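Accompanying notes for the structure given below.
The values are calculated or read from the model by the stated rules, or taken from the named source; none is laboratory data. Note that the structure is predicted; figures quoted are calculated from it, not measured. Counting neighbours? That spans all protein chains shown, and the Cβs are built from the backbone with ideal geometry, glycine included. In case anyone asks, the SASA skips ligands and DNA or RNA and just uses the protein heavy atoms, side chains included. Shrake-Rupley method; radii C 1.70, N 1.55, O 1.52, S 1.80 Å.
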Amino acid sequence: MRCYDCLQEARSDTTGIGVCSRCGLATCENHARVRQVRVDHQNGLGSSYGRIPARRVVCHTCDMAETAH
Ligand SMILES: [Zn+2]
Ligand SMILES: [Zn+2]
C-alpha cells in the first residue's frame with residue numbers, strides 16, 4: 001500500500017499505515033492525521049456519548065480541507 005500524497009510528491013519509499021476515512025486513499029505516517037472522535041450511543045431516551053473516544057484517520061489533504069476556513 002503506497003501513500004497517495006507521497007506518490008504525488010514522487011516519493012515511493014514510504015509505507016501506507018492507513019486509509020483516509022474521507023477519500024479512501026492510502027496514507028502514510030507522515031501524511032495521516034489521526035483524530036479522536038466521540039461515538040454517539042443510542043438509547044431509549046435519546047443519545048449519549050461513550051466514555052471512550054474512537055479513532056479516525058484522515059489524510060493530509062482531507063484534513064486541510066476540513067479545517068480550512
Ligand atoms: Zn505520505
Ligand atoms: Zn483523504
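Is it fair to say residue 18 is more than 16 Å from the chain's Cα centre (by Cα) and small (Gly, Ala, Ser)? Answer is no for this residue. Screening 68, 32 for residues that are under 11 Å from the mean Cα position of the chain (by Cα) and either open to solvent by 50 Å² or more (accessible area, probe 1.4 Å) or not hydroxyl-bearing (Ser, Thr, Tyr) (or both) leaves exactly one candidate, 32. Find the residue count for the range 3-39, including only residues that are basic (Lys, Arg) and within 14 Å of ligand 2 (Cβ to nearest atom). Looking only at that region, the number is 3. Taking (1) more than 9 Å from ligand 2 (Cβ to nearest atom); (2) under 26 Å from residue 1 (Cα atoms); (3) open to solvent by 50 Å² or more (accessible area, probe 1.4 Å) in turn, residue 42 satisfies each apart from (2). For the range 51-61, what are the residues that are surrounded by 14 or more Cβ atoms within 10 Å (Cβ to Cβ) and more than 8 Å from the chain's Cα centre (by Cα)? Across the range 51-61, the qualifying residues are 60, 61.
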